[in-house]
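The values are calculated or read from the model by the stated rules, or taken from the named source; none is laboratory data. All values reported here derive from a predicted model rather than from experimental measurement. Counting neighbours? That spans all protein chains shown, and the Cβs are built from the backbone with ideal geometry, glycine included.
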Amino acid sequence: MTLKSAGSAIGFGALLLLGTALGSAGARAQPIGCSSGIVNDGDLGSGVCVQTLNAVFGNFSIADLPADGTVSFNASDLGTPAVGNVGIAFNGSFVDVLGGITPNFYTARYDVEMQGSTNLFTELTADFAQDTGYSTLLTTTSQAATVGGVDLTKLNAVGSGTDQLDYVSGVAELTVLNTLIDGGSVSSFSNTAVENAAIGVPEPASLALLASGLSGLFLLRRARLPHRADRTRGKA
């Protein structure tokens with residue numbers, strides 16, 4: 001094999017491997033056993049996971065939510081790899097007791113973790129839907145929050161308080177606890193996790209492939225240039 005053909009083979013082969021590696025790194029393969037979309041409350045537990053976009057939800061603790069409830073997942077994909085928002089909503093027939101005088105307490109705990117991406121969570125918001133009724137309070141906590149807090153109150157449909165947690169440095173995983181003190185006609189409460197833009201730092205293996213590909217291209221270019229000795233003979 002000549003130097004020219006060897007350089008071509010090395011350069012093309014290495015770049016092909018590089019493209020394959022970078023493509024697989026950016027892929028958002030769904031973990032085995034993960035569901036998606038809308039799931040019944042009774043089907044979620046500590047050993048169940050749900051993936052939406054590039055985030056995996058799991059370790060659910062929602063035993064005291066309404067028996068007829070569902071949990072829905074949504075996402076807004078703003079780029080490749082995915083940059084945007086991932087959301088979770090707890091839906092059901094939430095009821096107060098004795099017309100809001102003795103409100104019901106509902107809790108929902110879960111983990112959410114970034115999967116196969118360099119993105120980080122930078123913000124978490126919370127909200128709930130209530131058209132009429134007495135005062136209802138939603139509080140949301142997580143172990144990594146550095147700014148803000150969720151302490152949201154609604155009287156009928158009018159809200160007050162705060163609804164956002166911020167993660168100044170960004171985090172790859174969260175443990176979230178929602179507590180709803182229902183005094184009205186709540187139909188759902190939800191969280192939305194906001195992702196930052198992908199950092200896009202190549203992995204070491206990808207860098208090695210890139211170096212190999214560039215070396216191959218250098219050999220190819222060198223093979224195409226006439227040797228100095230040949231150029232000297234041509235001038236004689």
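Just name the residue that is surrounded by the most Cβ atoms within 10 Å (Cβ to Cβ) out of those in the stretch 56-76 that are at pLDDT below 90 and within 15 Å of ASN119 (Cβ to Cβ).
Top of the filtered list is ALA75.
Give all pairs with beta carbons closer than 6 Å in which a residue from the stretch 128-151 that is within 23 Å of VAL71 (Cβ to Cβ) and free of Cβ contacts under 8 Å to residues at least 60 places away in the same chain meets a residue that is part of a strand (DSSP E or B) and among the charged types (D, E, K, R); count only pairs at least 6 apart in sequence or on separate chains.
Taking only residues 6 or more apart or on different chains, the pairs are GLN130/LYS154; THR136/LYS154; THR136/ASP182; THR139/ASP151; VAL150/ASP163.
When you scan the stretch 75-97, do you find a residue that is out of contact with any strand residue (DSSP E or B) (no Cβ under 8 Å at 6 or more places or on another chain), assigned to a strand (DSSP E or B) and either without any contact (Cβ under 8 Å) to a residue 60 or more places away in the chain or under 29 Å from ASN196 (Cβ atoms) (or both), even just one?
no
Would you mind finding the one in GLY133, GLY149, GLY184 that is within 18 Å of THR107 (Cβ to Cβ), at pLDDT below 85 and surrounded by 14 or more Cβ atoms within 10 Å (Cβ to Cβ)?
Checking each option against the conditions leaves just GLY184.
Hey, can you tell me all the residues within the stretch 36-55 that are closer than 22 Å to PHE105 by Cβ and surrounded by fewer than 20 Cβ atoms within 10 Å (Cβ to Cβ)?
ASN40, GLY42, GLY45, SER46
Name every residue in the stretch 111-135 that is assigned to a strand (DSSP E or B) and over 14 Å from the mean Cα position of the chain (by Cα), in order of residue number.
Listed by number, the residues that qualify are THR125, ALA126, ASP127, PHE128, ALA129, GLN130, ASP131, THR132, GLY133, SER135.
Whether any residue in the stretch 210-227 is more than 17 Å from the chain's Cα centre (by Cα) and either part of a strand (DSSP E or B) or modelled with pLDDT of 95 or more (or both) is what I want to check.
There is no residue in the stretch 210-227 that is more than 17 Å from the chain's Cα centre (by Cα) and either part of a strand (DSSP E or B) or modelled with pLDDT of 95 or more (or both).
Please enumerate the residues belonging to the stretch 118-130 that are among the aromatic types (Phe, Trp, Tyr) and either surrounded by fewer than 17 Cβ atoms within 10 Å (Cβ to Cβ) or under 21 Å from SER187 (Cβ atoms) (or both).
The first filter runs over the stretch 118-130 and keeps only residues among the aromatic types (Phe, Trp, Tyr), leaving 121, 128.
Across the stretch 118-130, the qualifying residue is only PHE128.
Of everything in the stretch 26-55 that's aliphatic (A, V, I, L, M) and touching an Asp or Glu at 6+ places or on another chain (Cβ under 8 Å), which residue is modelled with the lowest pLDDT? Step through it out loud before you land on a result.
Initially, the stretch 26-55 is screened for residues aliphatic (A, V, I, L, M), giving 27, 29, 32, 38-39, 44, 48, 50, 53, 55.
Add one more test, that the residue is touching an Asp or Glu at 6+ places or on another chain (Cβ under 8 Å), and what stays is 53, 55.
Values: LEU53: 79, ALA55: 90.
So, considering only residues that are aliphatic (A, V, I, L, M) and touching an Asp or Glu at 6+ places or on another chain (Cβ under 8 Å), the one modelled with the lowest pLDDT is LEU53.
Out of all the residues in the stretch 108-117, is one or more surrounded by fewer than 17 Cβ atoms within 10 Å (Cβ to Cβ) and closer than 20 Å to SER188 by Cβ?
There is at least one residue in the stretch 108-117 that is surrounded by fewer than 17 Cβ atoms within 10 Å (Cβ to Cβ) and closer than 20 Å to SER188 by Cβ.
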